[in-house]
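Enquirer: Have a look at this one.
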Amino acid sequence: MSTELGAQDGAVPPDATADSPGNADGSPSALPGKIYEQATARLAVIIGEWQQARDALLRG
C-alpha cells in the first residue's frame, strides 16, 4: 500500500492546468469544481486501499 497521492495508475489524472494562467471555461467557479473532482477521486483511491487492507486483515 502506498501513501503517495495518485500512486495507483490512472487513479488521479495529473493536473495539467495547475500552471496555466486561466481556467478551462474562464470562470472563477471552475477552480472549486476541479478541486472537488480531484478530492473525490483521491478519496475513492483511499477508500479502495482501506477496503483492501481491511479485507486482508479479516482474512488473516
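Enquirer: Take T3 and decide whether it is at pLDDT below 55, of a type in the set (S, T, N, Q) and under 19 Å from the mean Cα position of the chain (by Cα).
Expert: In short, yes.
Enquirer: Identify, by number, the condition in (1) at pLDDT 80 or above; (2) under 16 Å from the mean Cα position of the chain (by Cα); (3) open to solvent by less than 70 Å² (accessible area, probe 1.4 Å); (4) not aromatic (F, W, Y) that A53 doesn't meet.
Expert: (2)
The values are calculated or read from the model by the stated rules, or taken from the named source; none is laboratory data. These numbers were taken from a predicted model, which means no experiment stands behind them. Accessible surface areas use protein heavy atoms only, side chains included; no ligands, DNA or RNA. Shrake-Rupley method; radii C 1.70, N 1.55, O 1.52, S 1.80 Å.
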